[in-house]
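The values are calculated or read from the model by the stated rules, or taken from the named source; none is laboratory data. Small disclaimer: the values here were computed from a predicted structure and weren't measured. Note that each Cβ is placed from the backbone with ideal geometry, even for glycine, and that neighbours are counted across all protein chains shown. For the accessible areas, the whole protein counts, side chains as well, though only heavy atoms, and no ligand, DNA or RNA atoms are used. Shrake-Rupley method; radii C 1.70, N 1.55, O 1.52, S 1.80 Å.
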Amino acid sequence: MTDINSKLVNNPQIQSGGQPVSPTLVTSTAFEYESGSELEEVFAGKKFGHVYSRLGNPTLVTLEKKISELENGIGAVSAASGMAAISGAVLTLAHAGDEIVASSSLFGGTYELFSEVLPDYGIKTRFVDPGKPENFREAINSRTRLLFVETIGNPRLDVVDLDTVGTISREENLPLIVDSTVTTPLLVRPEEYGAALVVHSTTKYINGHGNAVGGVVVDTGNYDWEKNPHLAQNSKEFGQFAFIATMRKRMYRNFGICMAPFNAYLTLTGLESLGARMKLHCSNTLQLASSLRNNSKLKKVRYPGLDNHEQHQLAGRQFRNRYGAIMTLHLKNKKQCFELIDNLNIAHNLANIGDTRTLIIHPESTICREASADEKKQMGVDETMLRICVGLEDIKDLIADFQEALEKL
Ligand SMILES: *Cc1c(COP(=O)(O)O)cnc(C)c1O
């Protein structure tokens with residue numbers, strides 16, 4: 001045992017040195033214990049410990065704790081993707097025979113889950129126009145188990161009045177789930193408006209660098225889970241942690257929706273700059289939208305940060321005078337949309353949001369292509385629209401790129 005590696009490994013001074021400051025990646029699938037009785041205690045829940053990474057893992061716990069803190073939560077469950085977080089949360093609360101009341105202005109994957117997939121499992125969704133919050137109350141009946149909204153609809157860019165919907169959810173004794181992916185905790189904490197759960201696709205702004213798919217569900221502690229018939233039993237055992245315990249058991253252990261530790265590690269690294277990035281994302285978007293709003297080649301620029309947006313005031317109040325980083329450009333026709341995409345040098349033509357890079361897409365021919373004409377109308381999508389997710393590039397370069405690309409039309 002004289003080789004250099006053994007000396008390093010066995011040197012107690014090195015082993016007891018400082019603590020790592022950057023997030024630690026633990027990829028171990030399983031966790032061992034000295035004695036039979038210790039592992040028995042861990043399995044019995046008498047002693048906290050990790051067992052197997054499909055049930056929990058130190059890197060995942062670090063991410064869950066940080067996001068929970070950012071959202072004023074009592075705890076969080078990470079998931080393999082934003083869609084895994086949403087389906088995991090919904091299936092924990094709603095079983096066959098139950099109903100969901102959801103905003104009709106939703107991310108395409110969520111809309112499809114609710115409208116096409118969950119009905120096959122006996123769960124029905126009533127979609128309502130979130131522009132009139134009372135619509136949520138009217139769609140509620142004795143089978144309703146949850147309300148679901150997004151903070152800013154994508155790509156319709158309509159702003160949900162969280163105060164009013166939150167009040168309705170409290171009055172109706174139902175948990176409100178808020179997908180805050182496009183706003184992040186920097187713009188809004190849905191907990192303050194009475195949301196029971198906050199979900200994020202961490203793939204987007206929380207990670208921010210376009211290099212790891214992931215999702216998370218935060219329990220804000222606002223809802224008494226005893227009121228949900230499927231959680232009543234676990235409420236006796238786990239109290240306010242009944243949702244988290246049930247989601248962890250059913251969705252993690254049984255459905256296996258866990259996030260990969262490496263993705264959690266990348267997400268933790270990205271999360272460190274969330275505040276600085278979101279400020280720049282939002283200010284870049286406001287400047288780009290303002291510089292383009294009177295461009296004669298465009299029929300319209302749509303962005304909640306512009307004072308001609310119908311909910312500009314509400315957005316400012318609710319999102320602390322920031323308006324997110326998604327805007328839409330409306331041109332004459334599809335041909336011009338494609339020409340603009342081809343003329344741009346900085347913007348990347350792809351299906352994603354929340355990257356350091358500026359992204360552009362023609363939703364009607366891509367992410368919304370399977371939607372019916374009616375659904376496209378509901379989502380505010382037509383063939384003359386382009387969606388831009390503004391990145392962190394130098395704003396002068398970005399404005400120049402868009403202006404030059406528009407001039408060539
Ligand atoms: C992308 C997105 C999702 C889905 O997240 P994935 O990580 O792609 O599964 C859900 N909600 C919103 C608002 C999104 O933008």
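Filter segment 204-215 down to the residues that are open to solvent by 20 Å² or more (accessible area, probe 1.4 Å) and either in contact with a Cys (Cβ under 9 Å, 6 or more places away or on another chain) or closer than 27 Å to Gly166 by Cβ (or both) and list them by number.
Listed by number, the list holds a single entry, Lys204.
Sort out which residues of segment 394-406 are touching a residue at least 24 places away in the same chain (Cβ under 8 Å) and open to solvent by less than 40 Å² (accessible area, probe 1.4 Å), and write them in order of number.
Of everything in segment 394-406, those that are touching a residue at least 24 places away in the same chain (Cβ under 8 Å) and open to solvent by less than 40 Å² (accessible area, probe 1.4 Å) turn out to be Ile395, Leu398, Ile399, Asp401, Phe402, Ala405, Leu406.
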> Going through segment 336-379 one residue at a time, which ones are within 16 Å of the ligand (Cβ to nearest atom) and aliphatic (A, V, I, L, M)?
Replying inline: Leu350, Ala351, Ile353, Leu359, Ile360, Ile361, Ile367, Ala371, Met379
> Taking segment 57-86 only, how many residues are in a loop (DSSP other than H, G, I, E, B) and open to solvent by less than 10 Å² (accessible area, probe 1.4 Å)?
Replying inline: 2
>> Given the options Leu266, Leu197, Leu231, name the one that is open to solvent by 10 Å² or more (accessible area, probe 1.4 Å) and at pLDDT 95 or above.
In response: Leu266
> Would it be correct to say that Val90 is within 16 Å of the ligand (Cβ to nearest atom), outside any helix (DSSP H, G or I) and surrounded by 19 or more Cβ atoms within 10 Å (Cβ to Cβ)?
Replying inline: no
>> Just to confirm my filter: which helices (runs of 4 or more DSSP H) fall fully inside segment 182-283 and include at least 1 residues that are within 15 Å of the ligand (Cβ to nearest atom) and not aliphatic (A, V, I, L, M)?
In response: 184-187, 261-271
> Which of the residues belonging to segment 209-237 are among the hydrophobic types (A, V, I, L, M, F, W, C) and either closer than 20 Å to Ala195 by Cβ or touching a Pro at 6+ places or on another chain (Cβ under 6 Å) (or both)?
Replying inline: Val216, Val217, Val218, Trp225, Leu231
> If we keep just the residues of segment 343-372 that are out of contact with any His (no Cβ under 9 Å at 6 or more places or on another chain) and assigned to a strand (DSSP E or B), which is surrounded by the fewest Cβ atoms within 10 Å (Cβ to Cβ)?
Replying inline: His348
